[in-house]
Protein chains: 2
Amino acid sequence: MKAEDVLKRHGLKATKSRLEVIRVFLDSGGPISHKEIIENSMLRLDRVSVYRIVNAFLKKEIIHNAYSGGRNPLFELTGRGGANHCHPHFSCRMCGKTTCLDGVAFYQKGQLKKGYIAERQKVLIEGLCPKCR
Amino acid sequence: MKAEDVLKRHGLKATKSRLEVIRVFLDSGGPISHKEIIENSMLRLDRVSVYRIVNAFLKKEIIHNAYSGGRNPLFELTGRGGANHCHPHFSCRMCGKTTCLDGVAFYQKGQLKKGYIAERQKVLIEGLCPKCR
DNA sequence: TTTTCAATTGCAACAAAGTTGCATTTATGA
DNA sequence: TCATAAATGCAACTTTGTTGCAATTGAAAA
Ligand SMILES: [Mn+2]
Ligand SMILES: [Mn+2]
Ligand SMILES: [Zn+2]
Ligand SMILES: [Zn+2]
């Protein structure tokens, strides 16, 4: 499906900026930060607009927070290549790079105390990537 | 073991500020932020000093980042009540409160690509707490 | 196509979070 | 007690994120 249609289907205007942000996401090999969106964009995007675009996309679940474990949030397209919002990530403690992992780590019901409702889980494996080992 | 000895064993001076930060951690029911350390302290702690104390404790692994999923990092004592740095947490999407979960979630070796070395994992369950459901 | 108008953007100003340099204070061991 | 390295507090700064508002623009109606 075309990016323009994705936006329209969510009631968002298909602006140049938004289409470019989606292009940057599609182009990226993993979760990216606000700053990386700006740096990898061909358009000159205002910082504030990027924050607003990211927030709009989050609300519609076009993207989701990948929970990097680092100081800045990382985002990725939801549903891309089977990427739901519950897949695990790997973060290298040397180079700081975060990548997607295949498969689904499962939540164990037995661990939750009574009264709590689990809706989703975030799993992060920390360690060393092939380059840094 | 006394807090003073813990500090000295790591080669850190047992200052009033550091002992107070440890007291705040022991007093807390779960992972806490920089701001919460300051707010729950009986002493008047400078913001900068708290950042430096937290960083020193992190380096010595006296505390660790609990991977809250929220915008600010949360920290907790390492090894407290069997709390190693690999236990899962629960975060309520309504009230934002983060609590520790019992048990250990397992990392599945099969998911890691060749060349990657896993050292630890962070697991966060998101949902609703008993108060907010 | 042209007009219209709410949605979106960019800018300025602000707020919150985190860092750095340096002078002063303090814990520790001699 | 004294000397000294480590730690603290303060000021200034950077980075990250938010808000108000005027100008622009996409989309739908005329
Ligand atoms: Mn991913
Ligand atoms: Mn915990
Ligand atoms: Zn690496
Ligand atoms: Zn709650």
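Any read-out appearing in this document is the output of simple, stated calculations on the displayed coordinates, not a laboratory observation. These figures come from a predicted structure and were not determined experimentally. Methodologically, a virtual Cβ is constructed for each residue, glycine included, from the backbone with ideal geometry; neighbour enumeration extends over all protein chains shown.
Of all chain B residues, the closest to the B-onto-A rotation axis by Cβ, with that distance in whole Å, is B:Val123, 3. Normalised by the number of residues in chain B, the mean separation of alpha-carbon contacts (under 8 Å, six or more apart) gives a relative contact order of 19 percent.
With label points set 7 Å from Cα along Cα→Cβ, the inter-copy distances at B:Ile117 are 4.4 nm, sorted shortest first.
Between B:Ile117 and A:Asp5, the C-beta separation translates, for a Förster distance of 51 Å, into a calculated FRET efficiency of about 0.75.
Per residue of peptide A:57-69, the mean number of Cβ atoms on other chains within 10 Å of the residue Cβ is 1. Applying D = kT/(6 pi eta Rh) to the protein assembly as shown, where Rh is the Kirkwood radius over alpha-carbon pairs, T corresponds to 37 °C and eta to 0.692 mPa s, the Stokes-Einstein value obtained is 162 µm²/s.
Cβ crowding within 10 Å, taken as a proxy for footprinting-reagent exposure, orders B:Val50, B:Val21 from fewest neighbours to most as B:Val50, B:Val21.
Between A:Thr78 and A:Cys95, the modelled label-to-label distance comes to 3.1 nm, taking each label 7 Å out from Cα in the direction of the beta carbon.
If you average 1/r over all unlike Cα pairs in the stretch B:3-77 and invert the result, what Kirkwood radius do you get in angstrom?
Working: mean 1/r = 0.0812 Å⁻¹.
Mean inverse Cα-Cα distance, inverted, gives 12.3 Å.
A label point on B:Asn55, set 7 Å along the Cα-to-Cβ line, lies at 3.0 nm from each of its counterparts in the other copies, closest listed first.
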